[in-house]
1. Residue 79 versus (1) more than 10 Å from the chain's Cα centre (by Cα); (2) surrounded by 15 or more Cβ atoms within 10 Å (Cβ to Cβ): which is the lone unmet condition?
2. Could you grab me the full set of residues in segment 27-66 that are touching a residue at least 24 places away in the same chain (Cβ under 8 Å) and outside any strand (DSSP E or B)?
């Protein structure tokens, strides 16, 4: 945990000071099949967000702890980039591209994921 705190602190020291644009995001995504816990990924990200009234974007990245049920946890790197567009006053479109590095002990490739959607407000 000391290594994580040091990594986050050094990242803040190297990121220019932008008004309200830099943030820290800690997120856990757990998986279950039925009632059987299979694992989780916890991201410890530093990011930057910006935009206008109609367009927003963000980019974030940092360490990720992968905890598979019954196995030792694995430290990797992960990142996300995303954007949103206000098409009308009530309709927004959004998208995200995410990546997490492969387990160093395997020959697997990096894992990529996308998210696309629309949100309509009443």
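Bear in mind that the values in this text are calculations on the coordinates, not laboratory data. The model shown is predicted, which means the values in this text are computed figures rather than measured ones. Using ideal geometry, Cβ is built from the backbone for each residue, glycine included, and neighbour counts are taken over all protein chains shown.
1. Failed condition: (1).
2. 53, 54
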